[in-house]
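A quick write-up on the structure given underneath.
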Amino acid sequence: MSKISQVFHNFTAQHYEAFRMSKERILVIGSSGQIGTELVVELRRIYGQDNVFASDLKADDGSHAGPYVQLDALDKNKLFEIVKKENITQVYLLAALLSATAEKNPEFGWKLNMESLFHVLEIAKEGHIKKIYWPSSIAVFGPTTPRVNTPQFTVIEPTTVYGISKFAGERWCEWYFNKYGVDTRSLRYPGLIGWKSAPGGGTTDYAVHIYHEALKTGKYTCFLNENTTLPMMYMPDAIRATIEVMESPADRIKTRSSYNLAGMSFNPEEIAVDIRRHVPNFSISYAPDFRQAIADSWPQSIDDQKATEDWGWKPQFDLSRMTDDMISNLKNIIGK
Ligand code: NAD
Ligand code: SER
């Protein structure tokens, strides 16, 4: 069995053959970030290196194994040029300001998060792209939402700029699907944790930093308090969910705004205890900052039954399995 089919448990060898034969040409916008770095590698493994175009605001640093183009997601003309020139069939739009950064720069956060989405939706509406992936977030939920096992359909009153932009984006994705048949697919990611790339300015970033600091210094000062339970997910699960929702037959995608997605939930104290299985003297202290208020407005856990029912979603990593994998991989990088 290939490595890919072990990871993607509900795709068979025939599925992979079909993906290879499908002649999809994929553009990933915002490919140098936390998710893009890992997503591009998986997409290239599935669709072939030359069929997946990485793109980011950042200049090409020569580290890319396949095609790379420098692109500002706000530059609709250049985006359109690339779509036409490279015969792009699918776009994964990852460029965005995340919760903490957007809260500090609300005007630009709104501009980037909304305008980039409109550019892609409009180009798809004209028939130039077949399918769009655009990530939403648990940040769509606010303090009036039920916080435990937050349902797919519930009160949604986000109180952050980022959450407002994600909620608006969800409504637009659904509207373009209903009105023009644009094939939009989206997941409400929890906080994502991985060892291959650094997080980019979110409220859940502590859950990545904590592993690095545990191995480097044996201690960590957390910007959220010890009881702040949030929904989280290990990156391999997130990448698999992303590709699974994109590869599911269109009639199985019944929610065209965005799907709830769950992996695990924990607070800083619980992750610290788990890390001590590997770093027994690890110590954590707390200095909550402005991100505490953001975290306090978000759910503690997510009900993702709709994703399970519609396209078979099932997470594979819990906290202890994630910690084992994070620590063993980071040890190789950090050299401990
Ligand atoms: P990130 O900040 O790590 O990466 C974003 C990338 O976009 C960066 O490489 C940045 O250089 C690039 N970028 C910024 N402005 C750009 C522009 N104008 N044009 C082109 N590229 C630009 O973010 P991420 O964690 O990889 O998140 C990707 C998407 O997933 C975002 O929409 C984010 O809201 C969503 N999401 C992420 C998480 C998470 O925990 N990482 C959780 C929920 C949702
Ligand atoms: N991890 C993201 C953030 O904290 C959630 O969307 O911004």
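The values are calculated or read from the model by the stated rules, or taken from the named source; none is laboratory data. The model shown is predicted, which means the values in this text are computed figures rather than measured ones. Note that each Cβ is placed from the backbone with ideal geometry, even for glycine, and that neighbours are counted across all protein chains shown. In case anyone asks, the SASA skips ligands and DNA or RNA and just uses the protein heavy atoms, side chains included. Shrake-Rupley method; radii C 1.70, N 1.55, O 1.52, S 1.80 Å.
Go through the stretch 19-41 and give me each residue that's more than 12 Å from the chain's Cα centre (by Cα) and among the β-branched types (Val, Ile, Thr). Hits for the stretch 19-41 are 26, 28, 29, 40, 41. Collect the residues in the stretch 20-46 that are over 27 Å from residue 97 (Cα atoms) and either surrounded by fewer than 19 Cβ atoms within 10 Å (Cβ to Cβ) or within 16 Å of ligand 2 (Cβ to nearest atom) (or both), keeping them in residue-number order. If the condition is that a residue be over 27 Å from residue 97 (Cα atoms) and either surrounded by fewer than 19 Cβ atoms within 10 Å (Cβ to Cβ) or within 16 Å of ligand 2 (Cβ to nearest atom) (or both), then 20, 21, 22, 23, 45 are the ones that fit. Residues in the stretch 1-40 that are in a helix (DSSP H, G or I), modelled with pLDDT of 95 or more and out of contact with any Ser or Thr (no Cβ under 6 Å at 6 or more places or on another chain): 35, 36, 38, 39. Residue 143 meets the stated requirement of being assigned to a loop (DSSP other than H, G, I, E, B), within 18 Å of residue 203 (Cβ to Cβ) and open to solvent by 70 Å² or more (accessible area, probe 1.4 Å). Residue 273 satisfies every condition listed in (1) part of a helix (DSSP H, G or I); (2) open to solvent by less than 50 Å² (accessible area, probe 1.4 Å) except (2).
Do we have any residue at all in the stretch 244-265 that's away from ligand 1 (no atom under 16 Å from the Cβ), in contact with a Pro (Cβ under 9 Å, 6 or more places away or on another chain) and open to solvent by less than 30 Å² (accessible area, probe 1.4 Å)? For the stretch 244-265, residues away from ligand 1 (no atom under 16 Å from the Cβ), in contact with a Pro (Cβ under 9 Å, 6 or more places away or on another chain) and open to solvent by less than 30 Å² (accessible area, probe 1.4 Å): absent.
Name every residue in the stretch 199-217 that is within 21 Å of residue 279 (Cα to Cα) and open to solvent by 20 Å² or more (accessible area, probe 1.4 Å), in order of residue number.
Start the filter on the stretch 199-217 by keeping residues that are within 21 Å of residue 279 (Cα to Cα), which leaves 205-217.
Answer for the stretch 199-217, where residues must be within 21 Å of residue 279 (Cα to Cα) and open to solvent by 20 Å² or more (accessible area, probe 1.4 Å): 209, 212, 213, 216, 217.
Here residue 156 clears all of (1) farther than 20 Å from residue 265 by Cβ; (2) away from ligand 2 (no atom under 13 Å from the Cβ) except the condition numbered (1).
For the stretch 171-207, residues that are more than 13 Å from the chain's Cα centre (by Cα) and free of Cβ contacts under 8 Å to residues at least 60 places away in the same chain total 6.
Here residue 124 does not qualify as of a type in the set (Gly, Ala, Ser), open to solvent by 70 Å² or more (accessible area, probe 1.4 Å) and either outside any loop (DSSP other than H, G, I, E, B) or away from ligand 2 (no atom under 14 Å from the Cβ) (or both). Scoring residue 73 on the criteria (1) within 21 Å of the chain's Cα centre (by Cα); (2) open to solvent by 20 Å² or more (accessible area, probe 1.4 Å); (3) at pLDDT 90 or above leaves a single failure, condition (2). Considered as a group, the residues in the stretch 70-94 that are within 14 Å of ligand 1 (Cβ to nearest atom) and in contact with a Lys or Arg (Cβ under 9 Å, 6 or more places away or on another chain) include one that is nearest to residue 178 (Cα to Cα), and that residue is 91. What's the number of the condition residue 97 fails, among (1) more than 14 Å from ligand 1 (Cβ to nearest atom); (2) in contact (Cβ under 8 Å) with a residue 24 or more places away in the chain; (3) open to solvent by 10 Å² or more (accessible area, probe 1.4 Å); (4) part of a loop (DSSP other than H, G, I, E, B)? Just one mismatch for residue 97, condition (1).
Quick one: count up the residues across the stretch 153-174 that are in a loop (DSSP other than H, G, I, E, B), within 16 Å of ligand 1 (Cβ to nearest atom) and open to solvent by 10 Å² or more (accessible area, probe 1.4 Å).
Step one: of the stretch 153-174, the residues in a loop (DSSP other than H, G, I, E, B) are 153-160.
Filter again for within 16 Å of ligand 1 (Cβ to nearest atom), leaving 156, 158, 160.
In the following step, the residues that additionally are open to solvent by 10 Å² or more (accessible area, probe 1.4 Å) were identified as 156, 158.
Of the residues in that region, 2 qualify.
Under 9 Å between Cβ atoms, at least 6 apart or on separate chains: pull out the pairs that start in the stretch 284-308 with a residue that is part of a loop (DSSP other than H, G, I, E, B) and end on any residue that is of a type in the set (D, E, K, R) and open to solvent by 30 Å² or more (accessible area, probe 1.4 Å). Going by the 9 Å Cβ cut-off, the qualifying pairs are 290/103; 290/104; 298/147; 299/147; 300/147; 301/147. Scanning the stretch 280-308 for residues being surrounded by 17 or more Cβ atoms within 10 Å (Cβ to Cβ) and farther than 28 Å from residue 159 by Cβ gives a total of 1.
When 156, 164, 239 are screened for being in contact with a Pro (Cβ under 9 Å, 6 or more places away or on another chain) and hydrophobic (A, V, I, L, M, F, W, C), only 164 passes.
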